[in-house]
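The values are calculated or read from the model by the stated rules, or taken from the named source; none is laboratory data. Note that the coordinates shown come from a computational prediction; the quantities given were computed from them, not determined experimentally. No Cβ is skipped: glycine too gets one built from the backbone with ideal geometry, and neighbour counts run over all protein chains shown. For accessibility, only protein heavy atoms count, side chains too; no ligands or nucleic acids. Shrake-Rupley method; radii C 1.70, N 1.55, O 1.52, S 1.80 Å.
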Amino acid sequence: METMLPQKQAEEAIVASLNETESEVGGVREEEKELQDHSMFSLKSILWHGGSVWDAWFSCASNQVAQVLLTLPCSFSQLGMVSGILLQIFYGIMGSWTAYIISVLYMEYRARKEKENVSFKNHVIQWFEVLDGLLGPYWKAVGLAFNCTFLLFGSVIQLIACASNIYYINDHLDKRTWTYIFGACCATSVFIPSFHNYRIWSFLGLGMTTYTAWYMAIAALIHGQAENVTHTGPKKLVLYFTGATNILYTFGGHAVTVEIMHAMWKPQKFKYIYLLATLYVFTLTIPSAAAVYWAFGDELLNHSNAFSLLPKNGFRDSAVILMLIHQFITFGFACTPLYFVWEKVIGMHDTKSICLRALARLPVVIPIWFFAIIFPFFGPINSAVGALLVSFTVYIIPASAHMLTYRKASARQNAAEKPPFFMPSWTAMYLFNAFIVVWVLVVGFGFGGWASMSNFIRQIDTFGLFAKCYQCKSPTPPAMAAAPPPHHHQH
């Protein structure tokens, strides 16, 4: 997860001033203000250099929902309306809390290192380095493994989603062929040396998801309820937990938290940003999923992509196209950090030539492409990633790392960030973190892992690996009889 934004002169100057004054992290410094005002003038800086609170908010909000919007109605049909809304709110709050925990650990790591006069001038701090600095090499290895696997499958999901969506505009080619084409398109991301900027992309990305979410809600309401619509969910335990883990996955988008935070002028402001981003995301996910579920009910069990049920018209096509562009951007986000880790492994990270680096990065794209062709199960794969990877990367590791970092009284006294005003005692924080670890292990990883894996295996049994066109034509009756509902076919 490396450089999300350019190491700008402005940022370097700020970090340098931080190191010189050795001031406690906090307090507004004058130089910072001047630099910010100064960088506001030129047009280039408006599009390019984003380090303000707003940029971080846009990055968080646009990274959090992408293709998940399209699978949430299906999760609602598995969970039922009440559970769906409650679980979204519950996991949203839990996700914001762990993002807060990650930001606390980051500030702690940075404060400790700056006391040792370490300069972060040309260095982007990553999550595994925070774990390494606070808890040692074993934690670093675990953090790195989960994070990389999560990003790898995150990229795979974006590719599958691209093929699944374009099929609704142009079905002359089957989905597998579309995956080949988009794999080749997304492979061009190897030529982008690093995330120079992000300001304009995250702004556009958020616009695209907002449009799609409201299009889904309004189209479903205009369409009205389908004939003989039934809302029987929740019916099966397997389905219930599959749906729940998809929601866990939705609010687990903060594998990039540390990099977004590092790119801010004042990282200590980050802790509330994620919560605000989540609150905005609620306005997208809850109305759209609830409206589509209200209109189509149990039909959604076999349609993991909500686009497949909505009537085909210009609005739907533009939503599909906007989601495609957004997925392309998200693919770049998820993949670039992997490129950096890979470049460091093979020692090419300092190479100046873009073409050489692009060649060196190709081995990263190929497995992603390959996985997207083997498992084209858009929907079930989200839940599987949610249960097996997001649960650890985003919930269990940060919460347990926080418990371990502050287990000694001395660490608690010298903490860079004191407990928040709404939870003043360390004991309460400790208990809440312990609750998160246990809850996510049992419900997310345990039940969720069991449900989503059995669902996943059922998809393989029904469609086979390398499925040519997953969920395209209506399935044959015997197949439907053999396999219980959550069986995402698209018409």
note = Selection from region 353-401 of residues in contact (Cβ under 8 Å) with a residue 12 or more places away in the chain and not in a helix (DSSP H, G or I) yields Phe375, Pro376, Phe377, Phe378, Gly379
query = Which residues, taken from region 88-106, are open to solvent by less than 10 Å² (accessible area, probe 1.4 Å) and either of a type outside the set (Ser, Thr, Tyr) or assigned to a loop (DSSP other than H, G, I, E, B) (or both)?
reply = Gln88, Gly92, Met94, Gly95, Ala99, Ile101, Ile102, Val104, Leu105
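Kindly indicate whether Leu131 is at pLDDT 85 or above, open to solvent by less than 20 Å² (accessible area, probe 1.4 Å) and touching a Phe, Trp or Tyr at 6+ places or on another chain (Cβ under 7 Å).
Values: at pLDDT 85 or above: yes; open to solvent by less than 20 Å² (accessible area, probe 1.4 Å): yes; touching a Phe, Trp or Tyr at 6+ places or on another chain (Cβ under 7 Å): yes.
Judged against the criteria, Leu131 is a match.
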note = When region 294-350 is checked residue by residue, the ones that are in contact with a helix residue (DSSP H, G or I) (Cβ under 9 Å, 6 or more places away or on another chain) and outside any helix (DSSP H, G or I) are His303, Ser304, Asn305, Leu309, Leu310, Pro311, Asn313, Met348, His349, Asp350
message = Looking at (1) touching a residue at least 40 places away in the same chain (Cβ under 8 Å); (2) open to solvent by 50 Å² or more (accessible area, probe 1.4 Å); (3) part of a helix (DSSP H, G or I), which one does Tyr138 not meet, given that it meets all the others?
response = (1)
request  = State which residue pairs qualify: first residue closer than 12 Å to Ile102 by Cα and assigned to a helix (DSSP H, G or I) and inside region 264-275, second residue charged (D, E, K, R) and open to solvent by 10 Å² or more (accessible area, probe 1.4 Å) in any location, beta carbons under 9 Å apart, and separation of 6 or more residues or different chains.
outcome  = Pro267/Arg110; Gln268/Glu417; Lys271/Glu417
ask   = In the set Ile89, Ile102, Ile125, which member is among the β-branched types (Val, Ile, Thr) and within 26 Å of Lys236 (Cα to Cα)?
value = Ile89
task = Please verify whether region 262-285 includes one or more residues that are open to solvent by 10 Å² or more (accessible area, probe 1.4 Å), under 26 Å from Gly224 (Cβ atoms) and aromatic (Phe, Trp, Tyr).
result = yes
Lone unmet requirement of (1) within 20 Å of Thr209 (Cβ to Cβ); (2) open to solvent by 40 Å² or more (accessible area, probe 1.4 Å) for Gly332 = (2)
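Kindly provide the set of residues from region 157-180 that are among the β-branched types (Val, Ile, Thr) and more than 24 Å from the chain's Cα centre (by Cα), ordered by number. Steps first, please.
Looking only at region 157-180, we keep the residues that are among the β-branched types (Val, Ile, Thr), and these are 157, 160, 166, 169, 177, 179.
Those that are among the β-branched types (Val, Ile, Thr) and more than 24 Å from the chain's Cα centre (by Cα): Ile169, Thr177.
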query = Given (1) in contact with an Asp or Glu (Cβ under 8 Å, 6 or more places away or on another chain); (2) at positive phi, where does Gly347 come up short, assuming only one miss?
reply = (1)
remark   = Screening Pro486, Pro477, Pro424 for residues that are more than 23 Å from Ser155 (Cα to Cα), modelled with pLDDT under 85 and crowded, with 18+ Cβ neighbours inside 10 Å leaves only Pro486
query = How many of the residues in region 291-315 are open to solvent by 10 Å² or more (accessible area, probe 1.4 Å) and within 30 Å of Ile200 (Cβ to Cβ)?
reply = 3
message = Cβ contacts < 6 Å: first residue within 16 Å of Trp57 (Cα to Cα), restricted to region 78-104; second residue open to solvent by 20 Å² or more (accessible area, probe 1.4 Å) and assigned to a helix (DSSP H, G or I), any location; separation 6+ or different chain. Result?
response = Ser96/Leu275; Tyr100/Lys271; Ser103/Lys271
message = Can you say whether Met40 is over 15 Å from Ser202 (Cα atoms), out of contact with any strand residue (DSSP E or B) (no Cβ under 8 Å at 6 or more places or on another chain) and at pLDDT 75 or above, as far as the supplied structure shows?
response = no
message = Here is a list: Gly154, Gly133, Gly143. Which entry is under 15 Å from the mean Cα position of the chain (by Cα) and in a helix (DSSP H, G or I)?
response = Gly154
ask   = Just one of the numbered conditions (1) open to solvent by less than 10 Å² (accessible area, probe 1.4 Å); (2) modelled with pLDDT of 80 or more is not true of Phe251; which one?
value = (2)
ask   = Residues in region 107-124: is at least one open to solvent by 10 Å² or more (accessible area, probe 1.4 Å) and more than 30 Å from Pro420 (Cβ to Cβ)?
value = yes
